[in-house]
Amino acid sequence: GAVVSQHPSRVICKSGTSVKIECRSLDFQATTMFWYRQFPKQSLMLMATSNEGSKATYEQGVEKDKFLINHASLTLSTLTVTSAHPEDSSFYICSAPIARGYTFGSGTRLTVV
Amino acid sequence: QKEVEQNSGPLSVPEGAIASLNCTYSDRGSQSFFWYRQYSGKSPELIMFIYSNGDKEDGRFTAQLNKASQYVSLLIRDSQPSDSATYLCAVKNRIISYNNNDMRFGAGTRLTVKP
């Protein structure tokens, strides 16, 4: 139980375009979703916290106009990387808090060319 | 001081040996402790969690918690090449909680098990 489905798993896009990443909680309601970014051989970096029905909370240094987060329902949170640039290429992971710990989506490898 | 500290490694052990991964934390009020395994290019997956002082065993894995010394460790017995991954230590200040960003992750220790 407590599965978060994340799509797409891999995306390549052109510089200047936008990419949407979806995370769905399959068998539970996730009122909160955490969005992380991870560069190669580095640790998870929390970008923002989305809460169903309210504005997301962004970590310091994360541009909220560039990384748009929507949490419109109890089972779906989305992250849109707007006007993507090569430096946005990274591994993006969502996670939801559960009774014990967090459950993670499978991650999205974004490559901006 | 980082909230959760781990030796980044890499830690290299031969196949069949015991791998010992350590983690220290700064918040003395921390209540629950987790070990996640992350394979390269994949997202973290939970291996074990522990709340009480002492040892907790699950198959080849043993988590050890010492709240007085503020450290938690993970032992992997009979290490296999398939155990090669990055192991993340995580700490929460509540045993059961929802919706709160109260989990703190260490940077992870890279483990390599050589055949």
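The values are calculated or read from the model by the stated rules, or taken from the named source; none is laboratory data. These figures come from a predicted structure and were not determined experimentally. Cβ placement follows ideal geometry from the backbone for every residue including glycine, while neighbour counts extend to all protein chains displayed. Ligands, DNA and RNA are excluded from the accessible area calculation, which covers all protein heavy atoms including side chains. Shrake-Rupley method; radii C 1.70, N 1.55, O 1.52, S 1.80 Å.
Data for the structure
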item	result
Counted residues, segment B:26-42 - those being within 13 Å of residue B:91 (Cβ to Cβ) and either modelled with pLDDT of 95 or more or within 14 Å of chain A (Cβ to nearest Cβ) (or both)	7
Whichever residue in segment A:2-38 is within 13 Å of chain B (Cβ to nearest Cβ) and of a type in the set (Lys, Arg) and, among such residues, is least open to solvent (accessible area, probe 1.4 Å)	A:37
Verdict on residue B:97 being modelled with pLDDT under 90, more than 18 Å from residue A:46 (Cα to Cα) and open to solvent by less than 30 Å² (accessible area, probe 1.4 Å)	yes
Residues satisfying the stated conditions in segment A:4-50, i.e. among the acidic types (Asp, Glu) and at pLDDT 95 or above	A:22
Selection count where residues are of a type in the set (D, E, K, R), more than 21 Å from residue B:103 (Cβ to Cβ) and open to solvent by 50 Å² or more (accessible area, probe 1.4 Å), scope segment A:59-97	4
Subset of segment B:15-48 (residues that are surrounded by fewer than 15 Cβ atoms within 10 Å (Cβ to Cβ) and in contact with a Pro (Cβ under 8 Å, 6 or more places away or on another chain))	B:15
Total residues in segment B:49-69, condition surrounded by 14 or more Cβ atoms within 10 Å (Cβ to Cβ) and assigned to a strand (DSSP E or B)	8
Residue match in segment A:39-58 (condition: part of a loop (DSSP other than H, G, I, E, B), small (Gly, Ala, Ser), in contact (Cβ under 8 Å) with a residue 40 or more places away in the chain and open to solvent by 10 Å² or more (accessible area, probe 1.4 Å))	no
Residue selected from segment A:88-110 under the condition part of a loop (DSSP other than H, G, I, E, B) and more than 7 Å from chain B (Cβ to nearest Cβ), by the criterion nearest to the chain's Cα centre (by Cα)	A:89
Selection within segment A:1-38 - touching a Lys or Arg at 6+ places or on another chain (Cβ under 9 Å), part of a strand (DSSP E or B) and among the small types (Gly, Ala, Ser)	A:5
First in segment B:1-14 and touching a residue at least 24 places away in the same chain (Cβ under 8 Å), second anywhere and of a type in the set (Asp, Glu) and exposed (fewer than 15 other Cβ atoms within 10 Å of the Cβ), Cβ under 9 Å, 6 or more apart	B:3/B:27; B:4/B:27
